[in-house]
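A quick write-up on the structure given underneath.
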Amino acid sequence: MRVLLTGGMGFIGSHTAVVLQEGGHEPVLYDNLSNADRAVTGRIEQITGKAPKFIEGDIRDQARMEEVLRDEKIDAVIHFAGLKAVGESVVKPLEYYDNNIIGTLRLLEAMRATGVKRLIFSSSSTVYGTPQSLPLRESDPTGEATNPYGRTKLQIEEILSDLCRADPTWSCICLRYFNPIGAHPSGLIGEDPNGIPNNLMPYVARVASGRLPVLNVFGNDYDTPDGTGVRDFIHVMDLARGHAAALPYCMSHEGWKAVNLGCGRGYSVLEIVAAFEKASGRKVPVNFAPRRAGDIAANWADPSLARELFGWEAQCNIEDMCRDGWNFEQHRAAELAQKQS
Ligand code: NAD
Ligand code: UD1
């Protein structure tokens with residue numbers, strides 16, 4: 001199948017492109033490079049033996065999207081493109097609504113105009129807000145988002161649901177990701193945020209490699225076994241395989257669906273630190289700091305719907321996630337050292 005990956009040059013999109021190519025599909029990567037590097041296609045080529053087609057463009061450019069959907073004879077769209085930094089979304093809400101909401105509307109209009117009505121959307125477990133019970137099931141109520149980024153995910157889910165109700169020939173699957181971490185085992189692609197990372201795993205990796213001095217643990221007084229936050233971490237390769245598994249379902253079913261992609265168990269911040277220390281053989285010094293605004297104590301998924309509908313379940317464990325995250329960090333550190341010399 002010919003699949004358009006908006007935001008396909010990013011962290012999750014690039015891993016999904018690898019899995020799709022290996023499964024015999026033809027991904028077309030459409031990205032404005034606002035948070036990605038042009039070198040990604042070459043890295044995918046090193047992994048799979050073939051560079052995917054890359055088109056530089058913005059999802060808010062409807063005419064261009066229509067052209068691409070038509071010219072590339074696209075069968076389905078996986079919609080990763082968006083801004084995703086929670087803290088930044090609080091400071092720049094208009095940029096987030098413009099990019100994520102307006103961008104999605106323009107994409108949907110382009111899809112309608114070209115008759116491409118199959119969409120998989122990158123949603124997030126953030127739509128559940130503060131869980132009333134665990135594990136989280138898709139039938140649980142979606143909550144109050146605590147920031148503009150989270151609100152864009154909720155609003156897009158609702159837009160897609162309205163669209164499917166109005167025109168039942170559409171198929172829209174919202175994949176609710178839990179916490180993706182790790183990297184492709186080659187170390188060639190992964191997540192390397194600019195500046196100081198907001199998320200736990202890239203921060204821990206940089207402390208282990210000595211790029212940052214100490215990890216601030218945000219809160220050790222939560223109602224969890226060791227007092228630190230608990231999350232359902234999922235290897236990005238498992239997440240990528242989840243998209244490939246959702247595709248046939250998306251092609252053969254109509255209507256709107258939300259589906260969790262998680263492992264179904266939680267690890268605390270301190271458990272992640274211990275697992276990373278083991279994988280890297282390095283010490284990760286921690287400093288206990290106050291809770292971070294907007295954080296919840298714990299969340300993890302009930303992933304059984306994805307198994308039922310797509311025949312998918314996560315295969316990698318926390319050791320795999322830390323090993324591949326550490327391998328990627330070492331590749332990046334070596335590249336940076338080479339650039340500086
Ligand atoms: P990422 O930033 O690495 O990838 C997003 C890509 O979209 C980038 O390559 C960026 O250049 C591109 N992009 C942004 N705005 C665009 C626009 N207007 N037009 C074209 N391209 C644009 O992020 P990621 O971690 O790969 O996340 C992918 C999707 O999954 C995002 O929608 C994100 O909100 C969602 N998500 C991510 C996580 C996570 O922890 N990484 C968790 C839940 C949901
Ligand atoms: C965050 C976002 C969520 C987004 C997700 C993407 C918030 C409130 N939520 O989720 O909307 O979809 O990223 O993956 O930002 N932690 C530390 N020290 C750090 C960094 C994190 O102790 O330096 C702790 C956090 O307090 C939390 C856990 O690690 O308990 C995981 O944090 P993070 O990786 O940022 O993910 P989430 O907060 O789950």
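The values are calculated or read from the model by the stated rules, or taken from the named source; none is laboratory data. What you are looking at is a predicted structure, and each value in this text was computed from that prediction instead of being measured. Cβ placement follows ideal geometry from the backbone for every residue including glycine, while neighbour counts extend to all protein chains displayed. To get the accessible areas, we keep the full protein, side chains included, count just its heavy atoms, and leave off ligands, DNA and RNA. Shrake-Rupley method; radii C 1.70, N 1.55, O 1.52, S 1.80 Å.
Which residue out of Ala76, Ala17, Ala36, Ala85 is within 16 Å of ligand 2 (Cβ to nearest atom), closer than 23 Å to Arg176 by Cα and either touching a Phe, Trp or Tyr at 6+ places or on another chain (Cβ under 8 Å) or of a type outside the set (Ser, Thr, Tyr) (or both)?
Ala85
Hey, among Val116, Val127, Val77, which residue is open to solvent by less than 70 Å² (accessible area, probe 1.4 Å), within 23 Å of Cys250 (Cα to Cα) and assigned to a strand (DSSP E or B)?
Val77
Residues being under 22 Å from the mean Cα position of the chain (by Cα) and part of a helix (DSSP H, G or I): count how many of those fall in the range 38-64.
Selection size over the range 38-64: 8.
Residue check: is Gly24 open to solvent by 20 Å² or more (accessible area, probe 1.4 Å), touching a residue at least 12 places away in the same chain (Cβ under 8 Å) and part of a loop (DSSP other than H, G, I, E, B)?
Criteria not met by Gly24.
Within the bounds of the range 35-43, is there any residue that is within 11 Å of ligand 1 (Cβ to nearest atom) and either farther than 21 Å from Pro185 by Cα or in contact with a Gly (Cβ under 8 Å, 6 or more places away or on another chain) (or both)?
yes
Quick grid of which residues meet (1) more than 25 Å from Val19 (Cβ to Cβ); (2) in contact with a Ser or Thr (Cβ under 7 Å, 6 or more places away or on another chain); (3) not acidic (Asp, Glu):
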{"site": "Tyr96", "(1), (2), (3)": "yes, yes, yes"}
{"site": "Ile101", "(1), (2), (3)": "yes, yes, yes"}
{"site": "Ser124", "(1), (2), (3)": "no, no, yes"}
{"site": "Glu144", "(1), (2), (3)": "yes, no, no"}
{"site": "Gly150", "(1), (2), (3)": "yes, yes, yes"}
{"site": "Pro202", "(1), (2), (3)": "no, no, yes"}
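Name the single residue that is most open to solvent (accessible area, probe 1.4 Å) among those in the range 159-187 being away from ligand 1 (no atom under 16 Å from the Cβ) and assigned to a helix (DSSP H, G or I).
Once the filter is applied, the top-ranked residue is Arg165.
Can you tell me which residue among Asn299, Asn327 is polar (S, T, N, Q), in contact with a Pro (Cβ under 8 Å, 6 or more places away or on another chain) and open to solvent by 30 Å² or more (accessible area, probe 1.4 Å)?
None of the others qualify; the one that does is Asn327.
Do the conditions hold for Leu108, that is, is it more than 16 Å from ligand 2 (Cβ to nearest atom), open to solvent by less than 50 Å² (accessible area, probe 1.4 Å) and at pLDDT 95 or above?
Here the answer is yes, as Leu108 does meet what is asked.
Could you list, in sequence order, all residues of the range 290-341 that are of a type in the set (Gly, Ala, Ser) and in contact with a strand residue (DSSP E or B) (Cβ under 8 Å, 6 or more places away or on another chain)?
Result: Ala297, Ala298, Ala301, Ala306, Ala314, Gly325.
Which numbered condition trips up Arg106, out of (1) near ligand 1 (Cβ under 10 Å from one of its atoms); (2) under 24 Å from Asn179 (Cα atoms); (3) more than 16 Å from the chain's Cα centre (by Cα)?
(2)
May I ask you to say which residue of Cys316, Cys322 is open to solvent by less than 50 Å² (accessible area, probe 1.4 Å), more than 12 Å from ligand 2 (Cβ to nearest atom), part of a loop (DSSP other than H, G, I, E, B) and touching a residue at least 40 places away in the same chain (Cβ under 8 Å)?
The match here is Cys316.
Here is a list: Gly195, Gly150, Gly229, Gly242. Which entry is closer than 20 Å to Ile12 by Cα, of a type outside the set (Ser, Thr, Tyr) and touching a helix residue (DSSP H, G or I) at 6+ places or on another chain (Cβ under 6 Å)?
So the residue among Gly195, Gly150, Gly229, Gly242 that is closer than 20 Å to Ile12 by Cα, of a type outside the set (Ser, Thr, Tyr) and touching a helix residue (DSSP H, G or I) at 6+ places or on another chain (Cβ under 6 Å) is Gly150.
Quick check on my filter: what residues within the range 1-13 are open to solvent by less than 50 Å² (accessible area, probe 1.4 Å) and away from ligand 2 (no atom under 16 Å from the Cβ)?
Answer for the range 1-13, where residues must be open to solvent by less than 50 Å² (accessible area, probe 1.4 Å) and away from ligand 2 (no atom under 16 Å from the Cβ): Val3, Leu4, Leu5, Thr6, Gly8, Met9.
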